[in-house]
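A short worksheet on the structure shown next.
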2 protein chains.
Amino acid sequence: MELEFLHGLSQPGTSKIVLCSLDGLGGLPRPETGKSELETARIPHLHALAGRAACGLIRHVGPGITPGSGPGHLGLFGYDPLRFPVGRGVLEALGIDFELKPGDVAARGNFCTVDAQGKITDRRAGRIPTETCARLVERLRRITVEGAEVLVEPVKEHRFVLVLRGAGLSGRLSESDPQALGVAPLAVRALAPEAGRTAAMVNQFVDAARPLLRDAAPANMLLLRGFDQQPQLPRFPDTFRLRAAAIAAYPMYRGLARLVGMEVLKTGSTFADEIRTLREHWDGYDFFFLHYKDTDKAGEDGDFAAKVGALEQFDALLPQVLALKPDVLAVSGDHSTPSVLKGHGWQPVPVLVWSAYCGADPVSRFTERDCTSGTLGLLPAQDLMPHLMANALRFTKYGA
Amino acid sequence: MELEFLHGLSQPGTSKIVLCSLDGLGGLPRPETGKSELETARIPHLHALAGRAACGLIRHVGPGITPGSGPGHLGLFGYDPLRFPVGRGVLEALGIDFELKPGDVAARGNFCTVDAQGKITDRRAGRIPTETCARLVERLRRITVEGAEVLVEPVKEHRFVLVLRGAGLSGRLSESDPQALGVAPLAVRALAPEAGRTAAMVNQFVDAARPLLRDAAPANMLLLRGFDQQPQLPRFPDTFRLRAAAIAAYPMYRGLARLVGMEVLKTGSTFADEIRTLREHWDGYDFFFLHYKDTDKAGEDGDFAAKVGALEQFDALLPQVLALKPDVLAVSGDHSTPSVLKGHGWQPVPVLVWSAYCGADPVSRFTERDCTSGTLGLLPAQDLMPHLMANALRFTKYGA
């Protein structure tokens with residue numbers, strides 16, 4: 001449904017909505033047991049909540065399509081991710097409170113490891129400490145390219161942001177990250193005629209970086225991806241008439257929330273910190289987006305047990321969210337990250353929506369398999385917000 | 001999703017996909033037992049595979065819509081059959097390696113039996129031998145119409161192809177086959193203003209054929225349907241970056257595969273022949289479309305026991321396909337052909353998708369009823385290919 005249409009139905013109110021996004025929530029059975037991470041974890045509070053909630057599976061982009069974190073979250077916020085594409089560079093920049101200006105081209109950078117032949121041996125440079133990243137970024141700041149200002153900012157571990165600022169730039173660029181080991185980083189190519197000059201600038205930057213990083217193993221090279229300029233998105237608080245706040249320990253998710261106009265609350269680095277922040281700001285907002293990163297991290301590492309542990313850790317803290325007595329509580333994720341895939345997957349993601357009006361539902365366990373039978377069915381991510389708004393009694397009737 | 005979008009996500013790879021299309025797979029319970037053909041058949045290998053696979057039901061065109069074999073298969077190949085209509089005449093012509101030229105109008109012809117009043121008593125003329133068909137086609141080749149070349153080719157049993165070749169022709173024509181007994185063949189009508197001249201030519205052909213066939217009972221008349229000109233379809237191998245091969249004993253399915261650019265492999269007349277062909281060409285391709293006709297044939301004849309037998313025969317040969325160790329194996333069909341309907345039906349068709357990453361799924365029997373609870377849900381046919389591509393790890397992530 002069109003956001004314009006939903007806006008027309010949206011009513012101000014006093015009800016409170018909490019949307020918990022467990023990053024990379026969905027999983028796959030491990031061959032040894034035939035059970036997924038959710039089916040293995042001891043998560044009594046989630047199962048009990050599923051028993052009282054409406055359940056289903058969210059498909060974020062389309063059948064068989066693996067969503068990145070950007071499209072995954074935009075979907076949860078009510079935006080059709082195919083209609084509103086956002087580059088990773090933009091998200092990454094927003095996530096570190098970097099003030100992008102209109103026309104800036106941002107890219108996500110990874111420090112990586114290359115061998116003597118220049119071939120990639122670790123795309124994340126062994127996840128170097130953030131301090132090492134900051135020190136290497138200092139080196140990159142020496143680089144100048146003709147026709148644009150070069151801005152480089154450290155993010156976390158091996159990640160940094162590159163921003164080119166100047167007139168006539170374009171983000172229609174291919175990535176230098178081949179997403180594979182044993183091959184050299186790729187030259188960046190223009191994907192549109194107007195991007196030729198920007199492509200040349202980026203390649204000039206990379207060529208200048210190579211000698212500067214040569215002695216910095218394991219972070220002796222860099223990869224760039226997700227080039228883009230800031231898009232214009234309808235504002236979430238205006239669309240749904242919600243005072244909306246985002247609580248996320250990780251910068252990228254804060255950036256994404258800011259992109260749609262949510263207020264980003266200052267919080268700590270753990271989920272317990274996030275819940276404390278939620279409690280402290282409970283009266284100030286109607287809608288809280290609460291992000292939990294650990295599930296994705298464990299899945300990306302292919303660590304089944306760690307993902308199970310991350311789920312159990314979330315479950316243990318869930319009662320603190322329930323204690324605030326939200327009118328609507330939703331639990332889902334931005335995409336699946338099955339440990340057996342060691343990366344994002346295309347598998348639909350379990351979702352539960354609890355409210356006093358969520359309806360009878362046969363599901364009593366919060367797993368991929370069980371949620372198949374839920375009353376929410378297999379729903380496009382952008383249909384979640386209308387469900388939450390309805391359960392919060394914040395949508396008026398359509399037609400008289 | 002747009003094929004253009006899917007193409008952008010498609011990656012080359014080494015994984016192998018096998019798509020088994022059991023023609024007319026889906027059925028209906030017979031009143032005596034309350035069990036469908038799939039529920040009656042002893043198909044241990046299919047049930048076991050369903051237990052390890054993701055299951056669901058495919059809807060090929062829309063709710064309540066009975067697909068022909070053309071739309072049914074185009075859907076399985078990833079094409080929205082409403083966006084890419086193909087006439088049966090075109091498929092039939094391609095299926096006998098008839099080289100259609102742009103602008104040719106092709107129709108499928110049936111020899112049929114009419115009584116003394118000219119009313120149809122058998123739409124298939126008792127399935128006359130192919131040699132009889134060829135002999136009668138010789139007679140039809142004597143016919144000339146003004147303004148176009150008339151080309152007639154025998155196909156198999158009672159079926160032949162009529163092609164009109166000339167300038168300014170149109171395939172927007174109604175069919176002469178009333179699809180009923182006890183009525184006379186219909187005059188062909190123009191369905192668009194530009195088709196008036198072509199309609200007149202076709203009726204002139206039919207009028208000329210009547211006396212030529214009068215003494216040829218049971219094949220003493222003909223029926224024409226599926227008039228069309230060759231459509232322009234995006235090529236399957238380019239769209240999905242797959243080296244794609246089709247193995248089908250029946251000409252029409254070869255023609256359909258050729259229409260989307262698959263390579264058609266020479267094979268024999270039985271499914272065992274087809275599997276032998278599959279084995280022989282295993283290394284040469286990434287994607288195999290394997291067609292099994294017997295299920296549809298039995299269903300069309302209203303022979304419940306024969307359809308059960310055809311399912312059991314497929315099941316017995318399935319281990320030979322599994323032995324090749326495809327990375328992704330899908331089993332479904334192009335439409336249902338319930339024996340109690342004696343023809344194609346609108347009922348959604350069971351589907352299973354097996355891969356190492358197909359996910360946990362509650363279904364453990366490959367039947368219409370069981371597949372209702374599958375994680376693939378009720379999916380449009382054109383969503384199957386994205387699922388297969390994802391399971392083959394041949395799609396890259398969308399967005400960062």
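The values are calculated or read from the model by the stated rules, or taken from the named source; none is laboratory data. Every value quoted in this text rests on a predicted model; they were computed, and no experiment measured them. Here the Cβ positions follow ideal geometry from the backbone for every residue, glycine too, while neighbour counts run over all protein chains shown. The accessibility values were calculated without ligands, DNA or RNA, using every heavy atom of the protein model including side chains. Shrake-Rupley method; radii C 1.70, N 1.55, O 1.52, S 1.80 Å.
Side notes on the structure shown:
- Filter pass, B:Arg123 being open to solvent by 20 Å² or more (accessible area, probe 1.4 Å) and either in contact with a helix residue (DSSP H, G or I) (Cβ under 6 Å, 6 or more places away or on another chain) or under 30 Å from B:Pro234 (Cα atoms) (or both): no
- If you go through the stretch B:383-400 and pick out every residue that is more than 16 Å from A:Leu378 (Cβ to Cβ) and more than 7 Å from every other protein chain (Cβ to nearest Cβ), you end up with 7.
- Flag if B:Arg52 is out of contact with any strand residue (DSSP E or B) (no Cβ under 7 Å at 6 or more places or on another chain) and farther than 25 Å from B:Arg189 by Cα: no
- Qualifying residue in the stretch B:200-213 (condition: open to solvent by 40 Å² or more (accessible area, probe 1.4 Å) and at pLDDT below 95): no
- Condition check for A:Ala184: under 28 Å from A:Ala148 (Cβ atoms), without any contact (Cβ under 8 Å) to a residue 24 or more places away in the chain and touching a Gly at 6+ places or on another chain (Cβ under 7 Å): no
- Taken as a whole, the condition of being touching an Asp or Glu at 6+ places or on another chain (Cβ under 9 Å), modelled with pLDDT under 95 and among the β-branched types (Val, Ile, Thr) applies to A:Thr372.
- Test: A:Ser170 is part of a loop (DSSP other than H, G, I, E, B), modelled with pLDDT of 95 or more, hydroxyl-bearing (Ser, Thr, Tyr) and more than 30 Å from A:Leu3 (Cβ to Cβ): no
- Here the condition is being away from every other protein chain (no Cβ under 14 Å), surrounded by 15 or more Cβ atoms within 10 Å (Cβ to Cβ) and assigned to a strand (DSSP E or B); of A:Val152, A:Val161, it holds for A:Val152 alone.
- B:Thr367 being open to solvent by less than 10 Å² (accessible area, probe 1.4 Å) and of a type in the set (S, T, N, Q): yes
- A:Ser373 vs. criteria away from chain B (no Cβ under 12 Å) and either open to solvent by 10 Å² or more (accessible area, probe 1.4 Å) or under 23 Å from A:Tyr79 (Cα atoms) (or both): no
- Residues of the stretch A:236-293 satisfying the condition of being among the acidic types (Asp, Glu) and without any contact (Cβ under 8 Å) to a residue 60 or more places away in the chain: A:Glu263, A:Asp273, A:Glu274, A:Glu280, A:Asp283
- Lone qualifier among A:Ala200, A:Ala180, A:Ala195, A:Ala184 - being touching a strand residue (DSSP E or B) at 6+ places or on another chain (Cβ under 8 Å) and not in a loop (DSSP other than H, G, I, E, B): A:Ala195
Matching residues to (1) modelled with pLDDT of 95 or more; (2) under 22 Å from the mean Cα position of the chain (by Cα):
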site	(1), (2)
A:Ser15	yes, no
A:Cys20	yes, yes
A:Gly72	yes, yes
A:Gly87	no, yes
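- Of the numbered criteria (1) more than 10 Å from chain A (Cβ to nearest Cβ); (2) under 19 Å from B:Ala50 (Cβ atoms); (3) open to solvent by 20 Å² or more (accessible area, probe 1.4 Å), the one B:Tyr357 fails is (1).
- Entirely in the stretch A:30-116, the helices (runs of 4 or more DSSP H) that have 1 or more residues that are open to solvent by less than 30 Å² (accessible area, probe 1.4 Å) and within 9 Å of another protein chain (Cβ to nearest Cβ): A:37-40, A:69-76, A:88-95
- The stretch A:301-343, subset within 14 Å of another protein chain (Cβ to nearest Cβ) and touching a Gly at 6+ places or on another chain (Cβ under 7 Å), residue surrounded by the fewest Cβ atoms within 10 Å (Cβ to Cβ): A:Lys342
- The C-beta contact set for the stretch B:122-144 (first residue more than 12 Å from B:Gly109 (Cα to Cα), second residue modelled with pLDDT of 95 or more and assigned to a helix (DSSP H, G or I), distance under 6 angstrom, 6+ apart or interchain) comprises B:Arg139/B:Leu212; B:Ile143/B:Phe205; B:Ile143/B:Ala208.
- Scanning the stretch A:176-199 for residues that are of a type in the set (Gly, Ala, Ser), exposed (fewer than 14 other Cβ atoms within 10 Å of the Cβ) and either under 26 Å from the mean Cα position of the chain (by Cα) or closer than 29 Å to A:Glu300 by Cβ (or both) yields A:Ala180, A:Gly182, A:Ala187.
- Within the stretch B:1-29, considering residues that are crowded, with 20+ Cβ neighbours inside 10 Å, among the hydrophobic types (A, V, I, L, M, F, W, C) and not in a loop (DSSP other than H, G, I, E, B), the one nearest to the other protein chains (Cβ to nearest Cβ): B:Leu9
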